[in-house]
1. In segment B:663-688, what residues are modelled with pLDDT under 90 and closer than 15 Å to B:LYS642 by Cβ?
2. If I filter segment A:190-197 for residues that are among the small types (Gly, Ala, Ser) and in contact with a Leu (Cβ under 9 Å, 6 or more places away or on another chain), do I get at least one hit?
3. Considering each residue of segment B:1-56, count those that are in a helix (DSSP H, G or I) and under 30 Å from B:VAL277 (Cβ atoms), and give that number.
4. Going by the structure shown, is B:LEU306 within 13 Å of chain A (Cβ to nearest Cβ) and more than 30 Å from A:TYR123 (Cα to Cα)?
5. Somewhere in segment A:171-178, is a residue buried (at least 18 other Cβ atoms within 10 Å of the Cβ) and part of a loop (DSSP other than H, G, I, E, B)?
6. Of the conditions (1) out of contact with any Gly (no Cβ under 7 Å at 6 or more places or on another chain); (2) at pLDDT 85 or above, B:GLY363 satisfies every one except a single condition; which number is it?
7. Condition check: in contact with a strand residue (DSSP E or B) (Cβ under 8 Å, 6 or more places away or on another chain), in contact (Cβ under 8 Å) with a residue 40 or more places away in the chain, under 15 Å from B:CYS443 (Cβ atoms) and of a type in the set (Gly, Ala, Ser). Does B:ALA481 satisfy that?
8. Kindly establish whether B:ARG604 is closer than 28 Å to B:ALA395 by Cα and at pLDDT 90 or above.
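The values are calculated or read from the model by the stated rules, or taken from the named source; none is laboratory data. Just so it is clear, the model here is predicted, and its values are computed rather than measured. For neighbour counting, all protein chains shown are included, and Cβ atoms are generated from backbone atoms with ideal geometry for every residue, glycine included.
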Amino acid sequence: MRNNNVFSRLARGQLLSLTQEKIVFLLAVLLFAVFSFSLTGFASVDNLLGLLYNVSVLGVLGLAMALVVIGRGIDLSLIATMAISVAWSLTLIRDGVSIEAALLYGMLMALGIGIINGWLIAYAEIPALFCTLAMGTLVYGFGRIALIPVDVVYMPADPGWFGALGQGELFGIPAPVIVFVLLSVVATLVLRYTRFGRYTYYMGDNYQAARITGVPTRPMLVMQYGVTALIGFAAGLVTAASVDSMNTRIVNSTMIYDVILVVVLGGIGLSGGKGGVRNVIVGTLLIGILLNGMTIMNIEYTVQNFIKGAILLAALIFDSLINPRDEQTAQQGDI
Amino acid sequence: MSVQETLTRWRNKYIPDHVVGEILSKNWIDNTVPFLALLATILVFGQVIPDFFSLSSMSDTTRQLGEFLFIVMAMMIVMVGGGIDLSVGSNYALGNFVALYLMNLAGLPVGVAVPLVILACAAVGLLNGILIGYLRLRAFITTLVTLILVRALVDMLLLRYAVDISMAMPESALWEYIGIGSPLGIPFSFLLALVLVGVVHLFLSRTRPGWHIMAIGGSRKSAYNVGIPVRRMVCISYVISGALCGVAGALFAARLNSAGSDTGIGLEIMALTAAVVGGNSLGGGRGSAAKGLMGAVIVLLITNGLVRLGFQSGAAPLALGIILLAAIAIDVRWLKNRYKLLAKVYVSPAYLALPPCPDTDPGSASPYAQNDKLRNVELIGLGEVEGPEDVIFDADGHLYTGTRFGDIVRFRAPHYDQPELFAHTGGHPLGLAFDRDGNLLVCVAGMGLYRITPAGDIQKMTDETNRTPWSIIDDSRLKLADDLDVAPDGRVFFSEATIRYGMSNWAYDALESRGNGRIICYDPATGRTRTVLRNLIFPNGICMAHDGQSFFFAETWACRISRYWFDGPRAGTVETVIDDLPGYPDNINRASDGSYWLALVGMRTPSMDLALKMPGFRRRMARRISPQELIFPNINTGCVIKFDEHGTVRDTLWDLGGENHPMITSMREHKGYLYLGGLLNNRIGKYRLDDADPEWTGMTSYWGGVK
């Protein structure tokens, strides 16, 4: 009989075994406490709601990224897809197309990009990193040449329900936060209880084994990247509605690294098959607290970038230390 | 001979389609696609853009190309080692800033400033190297982070110093020359970059560290297992990459003296595209400086060309994205399918019409009539030797044979009951011979010609010969040395069965039946190896004639015995002795009555004879069905025949049921007995010869009084 009381677990080291998720969560709590004491105005309800409001788009993008990362992929074209598809929708609205139709076109475009990504990765067997890296450049270039005449596309004067997506409130909670929470719930259910979700984990854990046991890995890849692009489009809608415009220059910013930061920091290993929605939430909270604190402290944007980069690097080193790769088991060409 | 058969013969004689497979098997074939892409790019933009090739336009392009080449080489070296460096663009910007700071603000001389710049950028490379090499982080994501970190660092520094930098101008003629000088009309930075390409080429193809990096990229696990310091070498590749970025940054600073914040943004994607378009594989192991050079020129011409054609700002990223995707897709497909394609086209059967097969029916008047003389041979070493291709006796009468495990095994006279390990060669020992001094000479498949002293020491005699002029396959290396014999003056003549296949797939050569083999001479006196006869159809056994001026050799798939004079009045001539054997000849050895023993490893069949006249049939077969199902010469039943130098067959020994010696590749007469070896047998046979000289031994026949 295994003795499962607290002391024996302590003796076996289980209670003390810290997963990255726990560490990051503790770190977030610690940071929260430190900021609450040291920064005036940090702990106010308004600031905290603002904090959540600010990071909820990042969180939604984190969910999108988490889906492909769990399946041992990555989507570096996520920001480009989001910015160009939404900016195109806004351009169409300004050209007189109805809001619903314009958003449908934008959504189809995002879905199309995702499907092409998935197809190239699954069927042309291009490594996901390079495929989506190239796709990001391609989508941005194509959008700027053919679809969107200006850098920044503004929302129409009367956006209706679309505007509420960014600026509405429900029981005092901003709409973006509600979108993030709703999508988190849906993502949790899908990842845990649907065939699509379970297959994603199998593929991330061992792609070859999943394929041999009959998982339709290629159509699954196409679906994963399609869904990711769709979530990205949703995140773009929220962004546009919140700030009244879509700035296509964010494609060239470091935003995609923030999204990866959320995912990796939360503890979803880049080698796939691990983690879930909870990790995204924890990662998002930590980044949110950090960014908010740094903004209150009035740290320059470039320095903020540096600090974020350093934290991401620390997270990667930590990830590599607790999930070490060695010469005998590392896969060739797995860069 | 029918018209169609004549046509087939002519077609196979004059259309060298085996060359296709040989060209495909060369390493440089990888470069053809990028090279064609380069030509196409130059042609298209040369046509579309007026004065594309004008001097001023070229000068500007080549100056940019100089800096860009450094970045591409930085990317390429890391990629060859199985990594990737996305921080090159930021590192380049850092190099630019440090150079400007040191020159404009600190006022250091060029000789001090440039090394410091390189050092600063190499430090970034070292950071990457430690993280990726020693801590085993993922290269892509790690260098992505250092990209952000270094970029943020440069931005912070620029905020502080940009104005001061643009106010000052360095007073250095050398610095100016680096920026805008043109020795011989060629921009300095381009000249430097060309030198770099040469150095990188030598580094990767001729030096130990370069080989180690290539090996790690080819197979990290194997590189680790053979003892290459994988972590250190990976780290070094990133340091080199960083240092090259530093040089590029310094060149850029000298050229433009600009502290703009957009320096090097997106450069990593350009460099990556260039490297991949040139044919350097993602994941490593395949890459070269030439590939990087081609890719760099293609990418720079396209991006510059699009700008000059007046496209909008999105055009360059769009084009880069499409090119990168297409190049990676082609690269992945090519790597995956190259060997499949090669396997389909490499086997190239030839037309071969054999003379009618002589009768072998028992009771017929044919000299080859079947009998059961070998049915009751004594067995030596049953189950203890595997694959004794050849057997031989030394002066003391001990029996030696090779096994497929790479050993030379000795059975001591007179009972030959206990095998003992004499030497271990490491390859598959085939033909054996003793020289005048009692050294055992052995042809080792896959290795070459080796000498084993009576004490068991192994010495290499030769493993390469002169390369055939204009040959596509590098045939200087010996792939399948088969049998040998020693001339009275000590020269060793040995056969190489085929230059197109090795020990593991020689059966394909039977399907080809092309003249792929040769006979080579090694002269111990001079140490020189020279090819004597070329284009033989699987030359196999070699045996010195009793006259000491010529040897007999067997061509297995041609079912033919020929004689070649290397000395005397007929030196250099070849004469066919028997051209219509009923089976496939293997080794030849001397008999005590002045004639020669010949082993037939297998017998001809009508179907195989017919297939040899139908190269198209065999080609389709090689392409469409698995190797196990291919038509193959029968080697289940064989025999030993005795022939004299006029080609008359004097005796034939069979084991018809195939119970003791189904496959015979060699036989050796010794003191009234004949000893039989077989490539796929697990025993040596001992057959009593009633009418032979009971005192005759091979050693005395060859070397006379040696005892």
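1. B:ILE664
2. Step one: filter segment A:190-197 for residues among the small types (Gly, Ala, Ser), giving A:197.
With in contact with a Leu (Cβ under 9 Å, 6 or more places away or on another chain) added as a condition, the list becomes A:197.
For segment A:190-197, residues among the small types (Gly, Ala, Ser) and in contact with a Leu (Cβ under 9 Å, 6 or more places away or on another chain): present.
3. Residues of segment B:1-56 that are in a helix (DSSP H, G or I), as a first pass: B:3-14, B:18-24, B:27-48, B:55-56.
Of the ones still in play, those that are also under 30 Å from B:VAL277 (Cβ atoms) are B:19-24, B:27-48, B:55-56.
Matching residues across segment B:1-56 total 30.
4. Values: within 13 Å of chain A (Cβ to nearest Cβ): yes; more than 30 Å from A:TYR123 (Cα to Cα): yes.
Against the criterion (within 13 Å of chain A (Cβ to nearest Cβ) and more than 30 Å from A:TYR123 (Cα to Cα)), B:LEU306 qualifies.
5. Within segment A:171-178, not a single residue is buried (at least 18 other Cβ atoms within 10 Å of the Cβ) and part of a loop (DSSP other than H, G, I, E, B).
6. With respect to (1) out of contact with any Gly (no Cβ under 7 Å at 6 or more places or on another chain); (2) at pLDDT 85 or above, B:GLY363 is out only on (2).
7. Yes: the conditions hold for B:ALA481.
8. On the way: closer than 28 Å to B:ALA395 by Cα: no; at pLDDT 90 or above: yes.
Judged against the criteria, B:ARG604 is not a match.
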